[in-house]
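The values are calculated or read from the model by the stated rules, or taken from the named source; none is laboratory data. Just so it is clear, the structure is predicted and the values come from calculations on it, not from any experiment. Every residue, glycine among them, receives a Cβ derived from its backbone with ideal geometry; neighbour counts consider all protein chains shown. Calculation scope for accessible area: heavy atoms of the full protein, side chains included, ligands and nucleic acids excluded. Shrake-Rupley method; radii C 1.70, N 1.55, O 1.52, S 1.80 Å.
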Amino acid sequence: MKIKLVQLILVLSVVVAIILVLANKLFFDERRSVSKSVTAASTKLKANAVSEKANARKVDDLRQLTQGTIKNKHRNDMRRFPELVRKDEAKQPNVIFILADDYGYYDIGYHGSEIKTPVMDRLAAEGVKLDNYYVQPICTPTRTQLMTGRYQIHTGFQHSLIWPYMPSCLPLDEITVAQKLKEVGYSTHLIGKWHLGLYKKACWPTRRGFDTFFGLLLGSGDYYKHQRFDDFDFRDQEELAWGYQGQYATHAFAKRAQDIIAKQKKNEPFFMLFSNQAVHAPLQVPSRYLEQYNHIKDQSRKLYAGMTTCMDEAIGNITRALKEHDLYKNTVIIFSTDNGGDPKLGASNWPLRGAKRTLWEGGIRGIGFVHSPLLHPRVRGTTNRELIHVSDWFPTIVAGLSGGKLEGHKPLDGFNVWDTIRFGTQSPRDEILHNIDPFEGYDHPFSDALYNNFTFDPKMRSAIRVGDWKLLTGPVGEPRTWVPPAGLPGLRPEKPRDRKGQMVWLFNIRDDPYERHDKSAQRPDIVKVLMARLQEHYASSVPIIYPPDDLRAEPKLHNNTWTNWE
């Protein structure tokens with residue numbers, strides 16, 4: 001009996017010991033768990049505090065970037081950047097500016113396109129690709145800013161474009177890049193499309209600084225007949241050039257450029273604006289350019305591809321002429337699109353959102369590159385990611401390249417970015433106003449009440465980029481989708497997840513270049529700063545130029561030709 005009692009006591013002792021051990025383990029595990037939770041919570045609070053401080057610094061940085069440059073009416077006083085003003089050099093370079101019309105962001109070889117562009121690929125690969133370069137979403141506004149260095153809110157072209165019957169043109173008190181270059185000894189030539197007004201002869205390119213003009217005054221036309229609505233629009237200087245009917249426009253333009261280069265004296269600098277009609281509709285091209293695209297089943301895409309390759313060939317012919325006549329070594333070639341492409345007409349801006357006519361990246365982010373032996377060796381073959389805008393070409397060409405003066409000109413919105421391009425230095429630009437248009441979404445004739453006493457309203461169509469942040473408001477434009485190239489396997493158009501009735505979007509373009517992740521709800525602080533900046537710009541804008549059609553423009557009154565009527 002005693003033995004059994006002892007055994008029972010021993011068993012109970014072991015059980016108690018085990019229970020004590022387990023209880024002790026549970027206690028310390030719980031303490032460690034609580035300790036870890038407290039540590040994690042503390043770490044998260046610290047991280048949140050750091051994040052909030054970083055966000056606050058970003059907002060402060062944005063505020064500093066956006067303060068006062070409009071109020072003092074010196075939107076771009078180049079004296080702020082003396083190191084970027086070109087010093088006199090022994091020889092002024094020739095400048096050829098190649099402008100492609102309605103050319104999609106995806107549609108160049110080095111962006112992965114199936115369209116063949118060997119000449120442009122080579123020129124870009126040997127030069128500097130501009131990877132953060134912006135234009136406007138339609139024809140006329142891009143051209144006004146190229147020609148004047150001034151935002152469209154300061155020239156009156158905030159809304160739409162110049163239509164054929166419209167009594168409108170680039171204001172005659174605006175000084176063009178061609179006029180400034182003539183002041184410092186350049187000969188100046190415009191080949192191709194003008195689209196800056198024709199209702200007065202004073203508006204024509206030969207009256208706005210160009211020594212020669214060869215091309216069309218309107219924005220588009222038949223590539224062979226050179227007609228718009230069956231009425232002729234093709235000139236050599238100011239005379240109608242009937243003899244070019246039947247000649248394909250891109251070929252005729254390239255031939256004229258080669259002829260000018262062949263006659264050019266080596267000791268006299270020249271500026272040539274090669275303003276392509278291609279690849280704007282109508283989609284027309286000689287059949288031999290289509291043979292290599294028989295695999296493309298979409299007919300619009302196939303024609304567009306052929307037109308693009310023909311344009312590429314023309315650029316190659318111009319470049320070869322420069323070398324044949326010993327002008328290449330002292331020439332700067334600049335390539336730019338005028339706006340995004342139209343997916344309904346064969347173009348693609350993939351993977352960007354939107355297209356021509358929109359303020360999404362697909363409408364305004366341009367293909368751009370600069371090619372020249374005058375570039376510093378260390379930047380040749382590189383990609384420049386500094387912020388550059390089409391308005392920058394005016395001061396870059398006038399002050400940076402030709403050695404001309406900007407004094408006496410209206411306040412500029414563009415910056416001289418020649419050192420940014422040729423040496424890779426930081427861009428003086430940290431902001432782009434893409435546009436503010438109070439008339440978009442309303443029917444013509446427009447009421448002055450839409451100006452809202454020049455108080456900005458987020459219902460107005462607008463977009464602004466400051467640093468990495470881009471704010472869009474109002475009717476930004478359609479399509480707002482991501483449209484892949486026609487026929488590209490495995491890809492379909494994607495629809496956005498915009499809120500119903502949404503009028504404000506905010507994107508970090510550096511982190512989200514395809515505008516997929518709207519941050520307007522998460523970052524109201526940044527929205528507020530950029531809204532204030534839009535108000536500053538809007539207060540500096542001029543009234544919009546958009547008169548009603550004038551029936552005196554009717555070509556039947558002018559022997560079925562497009563010409564001036566005042």
All positions within the range 167-220 that are of a type in the set (Gly, Ala, Ser) and touching a strand residue (DSSP E or B) at 6+ places or on another chain (Cβ under 9 Å): ALA178, SER187, GLY192, GLY209, GLY215, GLY219, SER220
Condition first: part of a loop (DSSP other than H, G, I, E, B), at positive phi and either free of Cβ contacts under 8 Å to residues at least 12 places away in the same chain or over 22 Å from the mean Cα position of the chain (by Cα) (or both). Can you find one or more residues in the range 319-334 that meet it? yes
Checking HIS280 against (1) part of a loop (DSSP other than H, G, I, E, B); (2) within 12 Å of ILE191 (Cβ to Cβ); (3) open to solvent by 10 Å² or more (accessible area, probe 1.4 Å): exactly one of these is not met. Which one? (2)
If you check every pair at least six apart or on different chains, which have Cβ atoms under 6 Å apart with a residue in the range 295-318 that is over 13 Å from LYS255 (Cα atoms) and among the acidic types (Asp, Glu) first and a residue that is modelled with pLDDT of 95 or more and in a helix (DSSP H, G or I) second? ASP312/VAL119; ASP312/MET120
Kindly indicate the residue of the range 501-536 that is touching a residue at least 24 places away in the same chain (Cβ under 8 Å) and among the basic types (Lys, Arg) and also surrounded by the most Cβ atoms within 10 Å (Cβ to Cβ) among those meeting that condition. ARG533
I'd like to know if the range 474-484 contains one or more residues that are in contact with a Lys or Arg (Cβ under 6 Å, 6 or more places away or on another chain), outside any loop (DSSP other than H, G, I, E, B) and more than 28 Å from LEU345 (Cα to Cα). no
Taking the residues in the range 78-116 that are among the hydrophobic types (A, V, I, L, M, F, W, C) and in a loop (DSSP other than H, G, I, E, B) as candidates, determine which candidate is modelled with the lowest pLDDT. VAL85
In this structure, is ILE367 at pLDDT 95 or above, among the aliphatic types (A, V, I, L, M), more than 16 Å from the chain's Cα centre (by Cα) and closer than 30 Å to TYR514 by Cα? no
Please indicate, with yes or no, whether at least one residue in the range 336-345 is without any contact (Cβ under 8 Å) to a residue 12 or more places away in the chain and assigned to a loop (DSSP other than H, G, I, E, B). no
Determine which member of the set LEU181, LEU123, LEU170 is in contact with a Cys (Cβ under 9 Å, 6 or more places away or on another chain), open to solvent by less than 10 Å² (accessible area, probe 1.4 Å) and not acidic (Asp, Glu). LEU170
Taking the range 489-515 and keeping residues modelled with pLDDT of 95 or more and in contact with a Pro (Cβ under 8 Å, 6 or more places away or on another chain) leaves MET503, VAL504, TYR514
Mind listing just one residue for me: the one in the range 478-500 that is touching a residue at least 24 places away in the same chain (Cβ under 8 Å) and under 12 Å from GLU515 (Cβ atoms) and, of those, surrounded by the fewest Cβ atoms within 10 Å (Cβ to Cβ)? THR481
Among (1) among the aromatic types (Phe, Trp, Tyr); (2) within 17 Å of the chain's Cα centre (by Cα); (3) farther than 28 Å from GLY156 by Cα, the one test that PHE394 misses: (3)
Can you list residue pairs whose Cβ atoms sit under 6 Å apart, with the first residue in the range 451-477 being open to solvent by 30 Å² or more (accessible area, probe 1.4 Å) and the second being hydrophobic (A, V, I, L, M, F, W, C) and assigned to a strand (DSSP E or B)? Count only pairs 6 or more apart in sequence or on different chains. PRO458/VAL504
How many residues does the range 537-557 contain that are open to solvent by less than 50 Å² (accessible area, probe 1.4 Å), in contact with a helix residue (DSSP H, G or I) (Cβ under 9 Å, 6 or more places away or on another chain) and in a helix (DSSP H, G or I)? 2
Restricting the range 184-232 to residues that are in contact (Cβ under 8 Å) with a residue 24 or more places away in the chain and among the basic types (Lys, Arg), the one surrounded by the fewest Cβ atoms within 10 Å (Cβ to Cβ) turns out to be LYS201
